[in-house]
Every structure is written in C-alpha cells, then in structure tokens.
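> Sharing a structure here in structure tokens format.
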Amino acid sequence: MNSSKDMKLRKNKSTSIKKSVFYSLISIITISIVLLSAIWYFNKKQELINTTEYIKSQQLNQQKEYLKEEVNRAIDYITFTLEFHPQNNIDTLKNEILEYLARIRLKYRGYIFVNTIEGQALVFDGYKLNEYKNIVDMTDPDGIRLFDLEKKGYFLPDGLYFDYSFKTINSNIPEAKISYVKGYENWGWIIGAGFYKYEPTQEINYIEEEYKSRFRKDGLFILLLSIFLIVASYFIVRHIDYRLFWQINIFKRFLKDAAKSDQLIDLQSIQFTELKAIGKSINQMIIEKNDLTNQIIEKDKNLKSIFEAADNIGFIFTDLGGEDTIIKEFSPGAEKIFKYKKEEIISKKIALLHPAKDIPNFLKMQELLKKGLHGFHGETTLIRKNNKPFDAFFTIYPHFKENKIVGTIGITIDITKRKTVERELEKLKKNLEKIIEKRTLELESKNEELLKSNKKLENFNQLFIGREFRIKELKDKIKILEKQIKS
C-alpha cells in the first residue's frame, strides 16, 4: 500500500516536472519569436525611415539638378543663337530669345525668369515684359529679399539655389518654391528657373505610403508567422524528449544570428523535422527580404538613371553580347528619338539602332569599357524605326552592378536640326564662292575690254594731235606766202 502511494507520488512529481519543462520550452520559444519579431520590427522601421530620408534627399538632388540643367540649357540656347545668327541685330536677337524663354514651361508648374543685374525684370511670372519691371526691393511673404539672392547667384560660378514663397502663374496665392539662378555676364542677365514644391512633395508622400503599406503587410506576415511558430511549437514540444533541450539551444542561437545579421539557419544541424520546417520558413523569409531589398535598390538605381533624363536625351541599357547585344532598358527619351515603344524594343538586338557598318565594332567597344578605357564618344549616324537614319551625338558608358561591369549605357542626343543647319550653311558657302568666281571672271573680261578701248583712244588722240600740228604749220606757211606776195 505504501509502495503504491510512493509510486503515485513519484508519478505526480514526474508529471509536474514534465509540465514545467514543457511550459519552460514553450515560454523560451515564444519569447524568442517575439524577440525576433520585435528586432525585425525595429530594424524594418529604421529601414523605412532611412529609405524615406534617402528618397527625399535623392528627390531634392534630382529637382535641383533638373533646375540647373534647364538654366544651363537656356544659356546654351543663347550661345547657340548668337553663333548661328551673328549678322542679326543684337536687340532683335535679345527680343527673340526672351520670347522663347518666356514660353518654356517646366515640371511642377515651373518656368524660366530673366532679370538684369540692375534689377529690371525682362521675363517675369512666365511672360516677357514689354515694359521692364523694377524688382530690386521685391520680397516674399516672409520678408526674403529675392533680388539680393539672385544678384548673389549672378556672381557665383556655379549659381545659387534658394527657397522662398511666390505666387503661381495667373494667381496671387503664394506657394513654397525652389529656384536656381546663374549669371550670363555677356549681357548682364540673371537667368533662373523655379518650380513649386507641392507636386514633388505629393510624389514623395506617395512613395512613403507605398513603403508603409509594404511595411504593414510584412508586419502582418511576421505576426502570422510568429503565431504559427508559437502554435506549432506547442504541439512539437509535447512530442519530443529531453534531446529537445540541446536542439532548442541550437535553434535559439540560429534565431539570434538570423535576427542580428540575416544569417541563414543551418538546417542540417537540426534533427527534428518540425524545427527544420520552422527554420526553412525563417530562411525563406530572410531570403525573400534580402531579395526584395536588392530588387528595390536595383530598380531604384535604374529608375534614377533612366527617368531623370530630359525627353530629348535617350538612355539605353544593354548587356555585353558583342554583335548580339540585347536591349535591357529603354528610356522615354529614347522612345521619342528612335520612335520605338519600350515594349516593342526591349529584348531586341541593339543592332536595330545602328548602321550595319558599325555592328562589328560592338565587341571592341565593350572590351575597351571592361579595361577601364573610354568607349565611343562623338557624332555618328543612328537608325530610327522603319530604317530611317538620323544624325546623333552618341556616347557609351559602362553599367556597373556590385562593382562589376554587366552591360553598357548608351546616351543619344538627336542633332539632326543642327547638322541640317550646318549642311545648309556649307551649301550657301559653296554657292557664294561660285558667285564670287563668276563675278571675278566678268570683271576680268570687262577690264580687258576697257584696256582695248583705252588703246584705241590713245591712237586717236595721237592722230588728232598730229593733225593739229600740221594745220598750224600750213597756217604759218600761208602767212609767209601772203607777206611775200605783198612785198
């Protein structure tokens, strides 16, 4: 009887120990999962903050570069106009240039403005002024003296960016604005470009919402995964023996490594099928997270490289296939220049865009890029859709991925108009030379005729003078005869 009671007591004690071990293991696994989820949550949140700040910084840099490019393009236009119309009246040229600049409209309701260094507005609020406006004392609602900033930018070699508030076109309501100004010293002009920040801010907010939405979805996934792991652990622990202690320690170490450094769990070191399944799910989560991060970074780089460009510049990404090089990316600018839609040209050979004589040089250019040398850079002929050739300025650069050249970036600018002007000028020059040569021959011919006429005139004069002398001699003889007769 006593023996039976002792056995029951030992059994109850044994049951109590098993429950203790069971709940201890469940608690450890639950805490580990919650800890992993918390670490993931804070890492992901910090990643969201960093990514958002990076996007804002990149967007701001892109916006500033865009304004700078537009101002430089305006200055280049002035230089170009002066080079090709040097014979025109300077005031007429200035007037035509100002009218052209006043018509330019930029992204985000932006436009070009032009002032003189003396403080006279020439292009103001997107319009060319017929009567110049004095803006020396102009301020924004916060009291910022705008002309002082513009004048400062005039004397800086790289120009000046500044923020302020200004009314929009056809409106008196001021909005936050960013502008870039630079001096054109030849005429004493301050040339600037600006746009309103409302639309860029909306774009950034949209990107932030996309990241937050993805963050919430990933958080829900982690939460569900955590619940699944906890529930699965509950049933797993009930069917394992004391070997689980050793396996749990290994598993905990793997979880900590995975949480800290995204290190994959070594499934070969885990003996229990259930734990291997959990480890496999965690590995898959880590792989998917890393893949997603890499995809975001890679796509972000490609998008910045392609879509920052103006629509009159074509960017084309290719692989390194030599004569069989394939097009990987095709920017909107390239679509406009080559007349191909992106979806119809992607995965096609780059040879479609080049004359047949240039195709054997593809491999040579790519080898030069691999050696760190320059690829092609200069004027050439390229092929539009329907085999239409056109004049272009073309440059090849290497495309890097993880410090390795994986392809090329071709940059194309259509210079058909410029080359047409050059050819017309050359034709006019040749015609002028022919006219000059013809007029020279005519002058030589007329000169010879004039010389002949002069010789005839000289002979006639000599004859006339000789006759006069003979008449005088006859008169003298007659007078002598008359005297003789009288005597």
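> So if R0 is 30 Å, what FRET efficiency would N290 and S347 give, r being the distance between their Cβ atoms, rounded to the nearest 0.05?
Rounded to the nearest 0.05, the efficiency is 0.65.
> Could you please tell me the mean projected area of the C-alpha convex hull for the stretch 38-123, averaged over all directions and given in square nanometres to one decimal?
Orientation-averaged projected area of the Cα hull: 8.2 nm².
> Need one value: the accessible area of I436 in square angstrom, 1.4 angstrom probe, rounded to the nearest 10.
90 Å²
> Let me ask another. In the structure displayed, which of K68/K128; K45/K197; K128/K427 lie more than 31 Å apart, Cα to Cα?
Those over the limit are K128/K427.
> Please give, to one decimal in nm, the separation of the simple spin-label points placed at D142 and Y77, each 7 Å out from Cα toward the Cβ.
It works out to 3.0 nm between the two label points.
> Please tell me which of these pairs span more than 29 angstrom C-alpha to C-alpha: K94/K388; K64/K167; K357/K429?
As for pairs spanning more than 29 Å Cα to Cα, those are K94/K388; K357/K429.
> Suppose accessible area is computed on protein heavy atoms with a 1.4 Å probe; arrange Y111, Y66, Y397 from highest to lowest.
Y397, Y66, Y111
> So how much slack lies between L451 and T381, counting 0.36 nm per residue of separation and subtracting their Cα-Cα distance, in nm?
Full extension of this stretch gives 19.6 nm more.
> Using a 10 Å cut-off on Cβ atoms, rank the peptides 45-51, 406-412, 32-38 from the highest mean neighbour count down.
Final packing ranking: 406-412, 32-38, 45-51.
> Another one. Assuming 0.36 nm per residue, please report the length gained on full extension of the stretch F221 to K167 beyond their Cα-Cα distance.
The F221-K167 span can extend by a further 14.7 nm.
> Let me ask something additional. With all protein chains present, calculate the accessible area of F394 using a 1.4 Å probe and round the result to the nearest 10 Å².
Accessible surface of F394 is approximately 20 Å².
> Still on this structure, I have one more. Ranked from the most accessible area to the least, with a 1.4 Å probe and all protein chains present, what is the order of H399, H377?
Listed by decreasing accessible area, they come as H377, H399.
> In vacuum, with every alpha carbon of the stretch 316-365 counted as one equal point scatterer, what does the Debye formula give for log10 I(q)/I(0) at q = 0.17, 0.23 Å⁻¹? Two decimals, please.
After summing over all Cα pairs, the log10 values are -0.47, -0.82.
> Between T116 and E96, what's the calculated FRET efficiency when r is the beta-carbon distance and R0 is 25 Å? Round to 0.05.
Efficiency for this residue pair is about 0.90.
> Follow-up. Sorted by accessible area with a 1.4 angstrom probe, largest first, how do D158, D163 fall?
Result, largest first: D158, D163.
> Size of the dipole of the stretch 62-197 about the Cα centre, Lys and Arg at +1 and Asp and Glu at -1 on the beta carbon, nothing else charged, in debye to 20?
The dipole of the stretch 62-197 has a size of about 380 debye.
> Please give the Cα centre distance for the stretch 348-416 versus the stretch 22-67, rounded to the nearest Å.
Value for the Cα centre distance between the two parts: 41 Å.
> Report the Stokes-Einstein translational diffusion coefficient (µm² s⁻¹, integer) for the stretch 20-84, Rh taken as the Kirkwood radius over Cα pairs, at 10 °C with viscosity 1.306 mPa s.
Estimated diffusion coefficient is 95 µm²/s.
The values are calculated or read from the model by the stated rules, or taken from the named source; none is laboratory data. The structure displayed is predicted, hence computed values, not measured ones. With ideal geometry, Cβ positions are generated from the backbone for all residues, glycine too; neighbour counts draw on all protein chains shown. Only protein heavy atoms, including side chains, enter the accessible area calculation; ligands, DNA and RNA are left aside. Shrake-Rupley method; radii C 1.70, N 1.55, O 1.52, S 1.80 Å.
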